[in-house]
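Structure first, then comments.
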Amino acid sequence: MEARRRLTWMGVVILTLSVAGCGGEAEETSPPEPSPDPVAAVTEPQETMPDETAVPLDAPVWVELEPAVRPDRRLSVAGETNLPEGTRLLIVVVRDASGVSWRHRTQVGEAGRFEVGPFGPGSGLAAGGYTLRLEMSPGNLQPASVQAVIGAQGEHLAGDWVREAGHGLGQVIEYRTTYELGHR
C-alpha cells in the first residue's frame with residue numbers, strides 16, 4: 001500500500017513538472033484577453049445619442065507604432081492613427097522566438113495619438129525579434145461617436161489593414177510590424 005502511494009505521488013510530481021514545463025527560458029505573460037462575445041456585444045449598452053455631425057471616414061486608415069525600450073528593458077509603444085478619437089484598440093507584443101505575448105487595451109486620444117506599456121516581464125525582454133500588433137475592436141463595441149465615423153459594422157474603413165472581424169461583426173483594422181531588440 002505504501003509503495004502504491006509513493007508511485008501515485010511520484011506520478012503527480014512528474015505530471016506537474018511536465019505541465020509546468022522544465023528548461024528553456026521562462027517568461028511571464030499577461031492573462032489572455034477574452035474574445036469578444038458576439039451575443040454580449042449585440043446586447044451591450046451603447047451610447048444612446050450618436051454624433052449626427054460626424055463625417056464618415058473617407059481616407060484609408062493609417063497606423064504608425066513606435067516602440068521604445070525603457071531602462072528596465074521593457075517596451076513602451078506610442079502610436080498615431082487617423083482612426084477617430086475614442087476608438088478602442090488592443091496592442092499586442094509577441095516574442096517571435098517563443099510566441100509569448102503581452103497585451104494592453106487603450107483608445108485613440110487627441111490628435112489620433114495613444115501610448116501603452118510597459119510590455120514584457122519585470123526582468124526585461126530578451127534580445128531578439130518581436131511582432132507588434134494593433135487590433136481594433138469591432139464597430140458594434142465602439143462608442144457611438146466612433147461608429148458615426150467608421151460605421152456600425154466598420155463599413156467606412158478602407159486600406160491595407162482592413163480585415164473581416166468574423167462572426168458577422170463587420171470590418172476591423174489589424175496592423176502588424178516587427179521590432180528587433182538588441183543585446184544589453
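The values are calculated or read from the model by the stated rules, or taken from the named source; none is laboratory data. None of the values given here were measured: they were computed from a predicted structure. Counting neighbours? That spans all protein chains shown, and the Cβs are built from the backbone with ideal geometry, glycine included.
Residues being outside any loop (DSSP other than H, G, I, E, B) and free of Cβ contacts under 8 Å to residues at least 40 places away in the same chain: count how many of those fall in segment 153-174. Working first, answer last.
Step one: list which residues in segment 153-174 are outside any loop (DSSP other than H, G, I, E, B), which gives 162-164, 171-174.
With the extra rule that they be free of Cβ contacts under 8 Å to residues at least 40 places away in the same chain, the set shrinks to 163-164, 171-172.
The number of residues fulfilling the criteria is 4.
Which of (1) more than 21 Å from Ser98 (Cα to Cα); (2) at pLDDT 95 or above; (3) of a type in the set (Gly, Ala, Ser) does Gly128 not meet, given it meets every other one?
All conditions pass for Gly128, except number (1).
Please verify whether Gly112 is among the small types (Gly, Ala, Ser), under 25 Å from Pro67 (Cβ atoms), crowded, with 16+ Cβ neighbours inside 10 Å and at pLDDT 95 or above, treating the condition exactly as stated.
Details: among the small types (Gly, Ala, Ser): yes; under 25 Å from Pro67 (Cβ atoms): yes; crowded, with 16+ Cβ neighbours inside 10 Å: yes; at pLDDT 95 or above: yes.
In short, yes.
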